[in-house]
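*Asks:* Let me give you the structure first, and then I'll get to my questions.
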Amino acid sequence: RDDKMLNYTAAPFAKDTEMTGHPVIDLHFTCSEKDGCFFVYISDVTPEGKSVYVTEGVFRALHRKIGKMPKTIPVTGPTHSFNRADARHLKPGVPATVSFELLPTSYLFRAGHSLRVSIASADSDHFTRIPDGRPPKFEFFRDSVRASMIRLPIV
């Protein structure tokens, strides 16, 4: 399914490289709608070009407000309350930012393999589209002022 998503593939690793923990994605974007979802996948791309699933994260833009982590829970990435009071609709066409963690993983990328980050706005096998009925159009920023990026827990 990679060909249906926005993909970024890194250069091949020069040596075996371990990733253990929670990857965190920071996306700077505009959206054509007042809400939308982000589905972010990390894959291992073999030297032959085969894409192997490593981990993923899903996040609804409405819940992008960063909050405080309860003192009894260790911090692993950005914190979101998911409370109705903290929900914030997007303003169509106005730049916004979302940061969220992907599912934790422990994975060894072999030398010669590449890491791929894939971004989608829907996953029809598992989730309903948000907003329902029409796909949002996203524009992602990758400049020095608004640099979308992924932070990887490389060991």
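*Asks:* Quick check on L62: is it of a type in the set (A, V, I, L, M), within 25 Å of R134 (Cβ to Cβ) and not in a strand (DSSP E or B)?
*Replies:* Against the criterion (of a type in the set (A, V, I, L, M), within 25 Å of R134 (Cβ to Cβ) and not in a strand (DSSP E or B)), L62 qualifies.
*Asks:* Given the conditions (1) in contact (Cβ under 8 Å) with a residue 60 or more places away in the chain; (2) touching a Cys at 6+ places or on another chain (Cβ under 8 Å), which single one is not true for F59?
*Replies:* With respect to (1) in contact (Cβ under 8 Å) with a residue 60 or more places away in the chain; (2) touching a Cys at 6+ places or on another chain (Cβ under 8 Å), F59 is out only on (1).
*Asks:* Considering the stretch 41-67 alone, what residues qualify as being open to solvent by less than 20 Å² (accessible area, probe 1.4 Å) and within 18 Å of S106 (Cβ to Cβ)?
*Replies:* I42, S43, D44, V54, T55, G57, listed by residue number.
*Asks:* Does any residue in the stretch 31-56 that is under 15 Å from R151 (Cα atoms) come within less than 6 Å, Cβ to Cβ, of a residue that is crowded, with 17+ Cβ neighbours inside 10 Å and of a type in the set (F, W, Y) six or more places away or on a different chain, and which pairs are these?
*Replies:* Every condition considered, the pairs that remain are E56/Y41.
*Asks:* Let me ask you something else. Would it be correct to say that I73 is touching a strand residue (DSSP E or B) at 6+ places or on another chain (Cβ under 9 Å), over 22 Å from K137 (Cβ atoms), at pLDDT below 95 and open to solvent by 50 Å² or more (accessible area, probe 1.4 Å)?
*Replies:* Answer is no for this residue.
*Asks:* Another question, if that's okay. What pairs come out if I take residues in the stretch 117-130 that are under 18 Å from V54 (Cβ atoms) and pair them with residues that are open to solvent by less than 90 Å² (accessible area, probe 1.4 Å) and among the β-branched types (V, I, T) whose C-beta lies under 7 Å away, six or more apart or interchain?
*Replies:* V117/V40; V117/I42; V117/I150; I119/V40
*Asks:* Can F13 be described as open to solvent by less than 50 Å² (accessible area, probe 1.4 Å), under 23 Å from I154 (Cα atoms) and in contact (Cβ under 8 Å) with a residue 12 or more places away in the chain?
*Replies:* So F13 fits the description; yes.
*Asks:* Report yes if E33 is in a loop (DSSP other than H, G, I, E, B) and surrounded by 14 or more Cβ atoms within 10 Å (Cβ to Cβ), otherwise no.
*Replies:* For E33, the condition - in a loop (DSSP other than H, G, I, E, B) and surrounded by 14 or more Cβ atoms within 10 Å (Cβ to Cβ) - is met.
*Asks:* Something else: Can you tell which of G67, G77, G93 is in a loop (DSSP other than H, G, I, E, B), in contact (Cβ under 8 Å) with a residue 60 or more places away in the chain, in contact with a Ser or Thr (Cβ under 8 Å, 6 or more places away or on another chain) and small (G, A, S)?
*Replies:* Criteria check complete, one pass: G93.
*Asks:* Another question, if that's okay. Sort out which residues of the stretch 76-110 are loosely packed, with under 13 Cβ neighbours inside 10 Å, at pLDDT below 95 and in contact with a strand residue (DSSP E or B) (Cβ under 6 Å, 6 or more places away or on another chain), and write them in order of number.
*Replies:* none
The values are calculated or read from the model by the stated rules, or taken from the named source; none is laboratory data. Because the structure is predicted, anything quoted here is derived from the model rather than measured. Neighbour counts run over all protein chains shown; Cβ positions are idealised from the backbone, glycine included. The area values use the complete protein model at the heavy-atom level, side chains included, leaving out ligands, DNA and RNA. Shrake-Rupley method; radii C 1.70, N 1.55, O 1.52, S 1.80 Å.
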